[in-house]
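Below: the structure, in structure tokens.
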Amino acid sequence: MVRKRIVVLYGGKADEHSISCISAAGVLAAMDEERFEAVPIGITKQGEWLTGCTDPRDFDFKKTPLPVVSAGEGTSRVVLDMGMGGDGFFARSSPDDGVQGQSSANKHSTLTSLGHIDAVLPILHGPYGEDGTVQGLLEMLGVPYVGCGVFASAACMDKHFTKILLTDAGIPVAPDVTLDTRPYTTASSFDSAAGEFIAQVRTAKLRYPLFVKPSRAGSSFGVTKVERAGDAAELATAVREASRHDWKVLVEQGIDGREIECAVLASRISEEPRASWPGEIVLDRRESGDVQFYDFDSKYIDSGASHVQVPADLPAETLRRVQEIAIKAFKAVDGIGMSRVDTFVGADGNIVVNEVNTIPGFTPISMYPKAWEATGVNYGKLITTLIESALDPA
């Protein structure tokens, strides 16, 4: 059997850079080496595409829990020829390689083909990877890739527009108001606008607690829980923090419910998407007040803060309805390949969709692979299925 050559893209310019590296390590370790030849390409935080840099599988996560892609000895920049499709991946090397500060017009540099590429597996979380930008690049290059297309990726990256699509499909979402923070450039200007922010919350009749978050960011970056009703200063501080990640800020009514996540897999365009057993992120210190919501640290840093339980401890009928709503949401955003649909399930059984993640985490403790493993699809088979969905989507 001739192995298919698969580029695994990881790193990226977004805040989720290190999480992408950890996800890529898991994906590369799980790939079927008899069927696929992995071609790792790391993207630095500055946006440089590199080959020959540290393989994610070689990161020492105990010493460096948040690894980064960086240039080193033997590293070369990746150059794409947009007219050559799968044959358009090249490594630019030169006598003074080190990449940092190297001129792309270096007269002594040479291009070496990386060989034919059959498909690309983007493991890029957040902006510049999960938002349709890389997907559009690969569409123009004419190379198959795993996961959602340009529209679904862009729409789901923006929580504001995700809500519009879901609402139009009759899927319940949390009430919210969207703020444009571009006019505010200093801490004092945010403080001065506190009254305007609180007025918009009151006009929208949002109940506390509120969650203030960037509209286009992931991994809980910039998210603040606001609990004191009517405290304009607290709200302004939270809006300013979210604006560090995106000028479009969502102020969302908190939902009194359990956080239930469902993995969706669409291995063929012609087939109905499948939903995994829904799982729950259990916050192990919530009762003590130490962890109030599923933030970045409890996701990736503090292993004692939370754990994944699949299937969630809910009635079978509720689990079934979560699966149905997850598939409906996936279709509403024109999803393909994979997505993780996050919901809140209230004590009364009502289900509200929180967001749709088109490139979910693939770390060893991430919900997406854990949910499919509990449903009978192990990590390796999941990766194979996703790659095959790109190679043969019909």
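The values are calculated or read from the model by the stated rules, or taken from the named source; none is laboratory data. For clarity, every value in this text was computed on a predicted model and none was experimentally measured. Note: ideal-geometry Cβ built from the backbone for every residue, glycine included; neighbour counts use all protein chains shown. The area values use the complete protein model at the heavy-atom level, side chains included, leaving out ligands, DNA and RNA. Shrake-Rupley method; radii C 1.70, N 1.55, O 1.52, S 1.80 Å.
Expressed as a whole percent, the accessible surface of the chain that belongs to carbon and sulfur atoms is 50, based on a 1.4 Å probe.
A cut-off under 9 angstrom between Cβ atoms defines the neighbours of GLY279, and their net charge, with Lys, Arg +1 and Asp, Glu -1, is -1.
Ellipticity at 222 nm from helices only: DSSP H runs of n ≥ 4 in the chain, each -39500 (n - 2.57), divided by the residue count, give -8500 deg cm²/dmol.
Could you report the chain's accessible area per residue, 1.4 Å probe, as an integer in Å²? For the chain, the per-residue accessible area is 44 Å².
Taking every Cα-Cα distance in the stretch 174-284 and sorting them into 5 Å bins from zero, the calculated P(r) comes out as 2, 12, 19, 20, 15, 10, 8, 7, 5, 2, 1 percent. Along the axis of the charge dipole computed for the chain (Cβ charges of +1 for Lys and Arg, -1 for Asp and Glu, origin at the Cα centre), the listed residues SER188, PHE330, PRO144 are led at the positive end by SER188. Highest mobility in the GNM of the chain, judged by mean-square fluctuation with C-alpha springs under 10 Å and restricted to SER70, SER23, SER339, is found for SER70. Taking springs between alpha-carbon atoms closer than 10 angstrom, which of LYS159, LYS62, LYS225 fluctuates most in the Gaussian network model of the chain? Looking only at LYS159, LYS62, LYS225, the biggest GNM fluctuation is shown by LYS62.
Hull volume per residue, based on the alpha-carbon atoms of the stretch 324-385 and their convex hull, is 101 Å³. Can you compute the modelled spin-label distance between ALA347 and THR64, with each label point 7 Å from Cα toward Cβ, in nm? For the pair ALA347/THR64, the computed spacing is 4.8 nm.
Along the stretch 40-53 the Karplus relation, 6.51 cos²θ - 1.76 cosθ + 1.60 evaluated at θ = phi - 60°, assigns HN-Hα couplings of x, 10, x, 10, 6, 5, 8, x, 6, 8, 10, 10, x, 7 Hz to successive residues, with x for each Gly and Pro. Proximity of backbone amide H atoms, modeled 1.01 Å from N, is registered between TYR145 and VAL120 at under 5 Å, excluding neighbours fewer than 5 places apart on the same chain. Counting heavy atoms of the protein chains alone, GLU37 has an accessible area of about 60 Å² for a 1.4 Å probe. Determine the shape class of the stretch 41-80: with a ≥ b ≥ c the square roots of the Cα gyration tensor eigenvalues, call it rounded for a/c under 1.5, and otherwise prolate if a/b is greater than b/c, oblate otherwise. Since a/c reaches 1.5 and a/b is larger than b/c, the shape of the stretch 41-80 is classed as prolate. Potential lengthening of the chain between ARG207 and THR110 amounts to 28.8 nm, from the contour at 0.36 nm per residue minus the alpha-carbon distance.
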